[in-house]
Amino acid sequence: DMIGAGVKTRRHMGVVKDLQLTCILRKGFLQKQQLAAGGAGRPALPPGPPNVSQQTPAELLAAAKTEQGAKLKALLIEAEKRQLLDVLLTAAGRPETEAKQLGETYLAKHLAGTTADQLKHLLKHPKVEARAAAAHAIATRQLPLAKELIDALADESLVVRQAARGALVRLAGGQDFGPAPDADDLERAEAIRRWRSWHAKQTGHH
């Protein structure tokens with residue numbers, strides 16, 4: 001900007017003006033270059049993680065194994081919206097209490113919109129979390145699936161057996177024929193026999 005200051009003679013003024021114009025154009029060119037590069041002199045920031053709504057089901061599934069807190073909640077909301085059962089089951093199967101509870105919450109929300117037939121199939125799902133959650137959903141919605149719950153009393157998982165027992169107790173209005181968590185095979189068989197007898201009376205099949 002100071003180019004030409006103090007120059008008075010007419011024969012030099014033309015040269016000075018040319019130099020001033022060249023500097024202005026050069027400055028404008030450099031500013032455009034900096035803007036195109038992401039800011040005046042600032043290095044471009046690396047891209048952040050994609051928004052959950054832009055993530056693929058596989059990416060959400062991988063993230064459900066490790067994310068915590070608000071990030072986990074955000075991806076579970078997205079998974080529930082897209083009905084991605086595997087993502088919800090993965091979170092519900094986490095060993096960390098907070099992550100597991102979040103997973104179970106959104107899994108239950110998802111199951112609230114399923115049909116009785118879908119819940120019936122989920123009682124035979126390979127994952128423990130699905131089978132237990134299905135039993136809880138049946139109880140919450142008071143669905144007439146006592147026969148399937150009685151079958152679940154023979155499940156290999158204690159978690160599922162007790163979920164099925166709890167569901168049956170709710171369907172039976174508080175009656176409880178077991179089995180206890182520490183029941184042996186004979187006691188479980190007796191509990192199943194008693195529940196089947198109860199069910200036969202409810203359905204009129206004696």
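Bear in mind these aren't lab numbers, they're just calculated from the coordinates by the rules spelled out. Since we're looking at a predicted model, the values are computed, not measured. Cβ: placed from backbone, ideal geometry, glycine included. Neighbour counts: every protein chain shown.
Among all the aspartates and glutamates, which ones have a C-alpha under 18 Å from Lys100's C-alpha, if same-chain residues fewer than 8 places away are not counted?
Of all the aspartates and glutamates, those that pass the test against Lys100 - Cα under 18 Å, at least 8 places apart if same chain - are Glu67, Glu78, Glu80, Asp86, Glu129.
Applying a 10 Å radius around every beta-carbon, put 177-185, 131-139, 153-161, 84-92 in order of their mean neighbour count, most first.
Most protected by this proxy first, the peptides run 131-139, 84-92, 153-161, 177-185.
Less than 11 Å Cβ to Cβ from Ala63, Lys/Arg counted +1 and Asp/Glu -1: what total charge do the surrounding residues give?
-1
What is the calculated FRET efficiency for Ala112 to Thr66, with r their C-beta to C-beta distance and R₀ = 25 Å, to the nearest 0.05? Could you put the intermediate results ahead of the total?
Details: r = 27 Å, r/R0 = 1.07.
About 0.40, to the nearest 0.05.
Only sites in a loop by DSSP and with at most 13 other Cβ atoms within 10 Å count here; which trypsin sites (Lys or Arg not before Pro) in segment 60-91 make the cut?
In loop regions of segment 60-91 (DSSP not H, G, I, E or B), the sparsely surrounded trypsin sites (Lys or Arg not before Pro) are Lys65.
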